[in-house]
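Below is one structure; the comments refer to it alone.
The values are calculated or read from the model by the stated rules, or taken from the named source; none is laboratory data. As the structure is a prediction and not an experimental result, all values here were calculated from the model. Virtual Cβ from ideal backbone geometry, glycine too; neighbours counted across all protein chains shown.
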Amino acid sequence: MRSLPDTVATVEKLQLTVGDLTFDAVAAGPADGRLVLLLHGFPQTSWSWRYVMPALADAGFRAVAPDQRGYSPGARPEGVEAYRMPHLLGDVLGMLDALGADRADVVGHDWGAAVAWQLATRRPDRVRTLTAVSVPHPLAFVEALRTDADQRQRSQYMKDFQVEGAAEEALLHGEDGLRTLFGPIPDPQPYLDLMAQPGVLTKCLNWYRAQQLADIEGIGSTTVPTLHVWSDGDAALGRFGAEATAAYVDAPYRFEVLPGVSHWIADEAPDQLTRWLLEHLAAFRD
């Protein structure tokens, strides 16, 4: 198991108030450093960025990683509708306001990447650069679902997640549950502990249950500098969408592939991810 960097001791705990919700977050780096907002996916938390944040802090950035809607104890509204994409997007805009930031470099993995794509495309005025880990541009993903049989097969789990009760039981107690899903990544226990808390897994699965085709209405090409990192060992996301994404970025674009790495890139290959991220941030300072 990778040992945590010494500088992890400098991580601070924050609470970000957005409307009537309160999001737990961790931060590292100088308070006046350039803001890098790190958005986790399902079924992870800000813990997924534990290897990335110290390097960002050492480079002088202000790295902030929130626990998103459904994951933070103070941000767990009831009902599927509360997890629609407009609410998820509004959360991140509210976090930027709470942090006093006009703009940020936004990094997202899995669902965090889906929200980051929406933010960068719909509100480019708030995003200096985008780094999307694993997940392709929304229109590239829809194209993959419509035309690529491999991606449709990989995405079958999303239909399974729609079945309330059965999905929770399978993930918590089935032989192909969360522990198997995480595979060999280092120390998934914090994620497992959170998902085992009463009601939490249902709220996190609501991200899937709330998605609609309306989420991509009016979305176009992304116009901020973008780094897209994909791993060819990803069981959920295939090559078609990853490679199709270039057609949907109308800005400087960099695509990197991690061979033999699973979906859990920030846990499994944080050194290479961080190296590319720091290069990307250095290339776009304004």
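The conditions are (1) at pLDDT 95 or above; (2) among the β-branched types (V, I, T); (3) surrounded by fewer than 17 Cβ atoms within 10 Å (Cβ to Cβ); (4) within 24 Å of T202 (Cα to Cα), and V163 fails exactly one of them. Which is it?
With (1) at pLDDT 95 or above; (2) among the β-branched types (V, I, T); (3) surrounded by fewer than 17 Cβ atoms within 10 Å (Cβ to Cβ); (4) within 24 Å of T202 (Cα to Cα) applied to V163, the lone miss is (1).
Which of the numbered conditions does E78 fail, given that it passes all the others? Conditions: (1) among the acidic types (D, E); (2) buried (at least 18 other Cβ atoms within 10 Å of the Cβ); (3) over 15 Å from P190 (Cα atoms).
Of (1) among the acidic types (D, E); (2) buried (at least 18 other Cβ atoms within 10 Å of the Cβ); (3) over 15 Å from P190 (Cα atoms), only one is false for E78: (2).
With respect to D97, determine if the residue is more than 20 Å from T226 (Cα to Cα), among the charged types (D, E, K, R), crowded, with 19+ Cβ neighbours inside 10 Å and at pLDDT 95 or above. Let's see the steps before the verdict.
Details: more than 20 Å from T226 (Cα to Cα): yes; among the charged types (D, E, K, R): yes; crowded, with 19+ Cβ neighbours inside 10 Å: no; at pLDDT 95 or above: yes.
So D97 fails the test.
Evaluate the following for L237: is it surrounded by 13 or more Cβ atoms within 10 Å (Cβ to Cβ), in a helix (DSSP H, G or I) and either in contact with a Phe, Trp or Tyr (Cβ under 8 Å, 6 or more places away or on another chain) or not small (G, A, S) (or both)?
Working: surrounded by 13 or more Cβ atoms within 10 Å (Cβ to Cβ): yes; in a helix (DSSP H, G or I): no; either in contact with a Phe, Trp or Tyr (Cβ under 8 Å, 6 or more places away or on another chain) or not small (G, A, S) (or both): yes.
Considered against the rule, which asks whether it is surrounded by 13 or more Cβ atoms within 10 Å (Cβ to Cβ), in a helix (DSSP H, G or I) and either in contact with a Phe, Trp or Tyr (Cβ under 8 Å, 6 or more places away or on another chain) or not small (G, A, S) (or both), L237 comes out as no.
Can you give me the number of residues within the stretch 249-286 that are touching a Gly at 6+ places or on another chain (Cβ under 8 Å), in contact (Cβ under 8 Å) with a residue 40 or more places away in the chain and not hydrophobic (A, V, I, L, M, F, W, C)?
Residues meeting the conditions: 2.
Take the stretch 119-146 and flag every residue that is without any contact (Cβ under 8 Å) to a residue 40 or more places away in the chain and in contact with a strand residue (DSSP E or B) (Cβ under 9 Å, 6 or more places away or on another chain).
L119, R126
Is it the case, given these coordinates, that L227 is among the aliphatic types (A, V, I, L, M) and under 19 Å from D110 (Cβ atoms)?
Considered against the rule, which asks whether it is among the aliphatic types (A, V, I, L, M) and under 19 Å from D110 (Cβ atoms), L227 comes out as yes.
Restricting attention to the stretch 147-201, which residues are part of a loop (DSSP other than H, G, I, E, B), of a type in the set (A, V, I, L, M, F, W, C) and free of Cβ contacts under 8 Å to residues at least 12 places away in the same chain?
V163
Taking the conditions exactly as written (modelled with pLDDT of 95 or more and surrounded by fewer than 18 Cβ atoms within 10 Å (Cβ to Cβ)), does R154 satisfy them or not?
Numbers: modelled with pLDDT of 95 or more: yes; surrounded by fewer than 18 Cβ atoms within 10 Å (Cβ to Cβ): no.
Criteria not met by R154.
Would you check if D102 is in a helix (DSSP H, G or I) and either surrounded by fewer than 24 Cβ atoms within 10 Å (Cβ to Cβ) or under 17 Å from the mean Cα position of the chain (by Cα) (or both)?
Answer is no for this residue.
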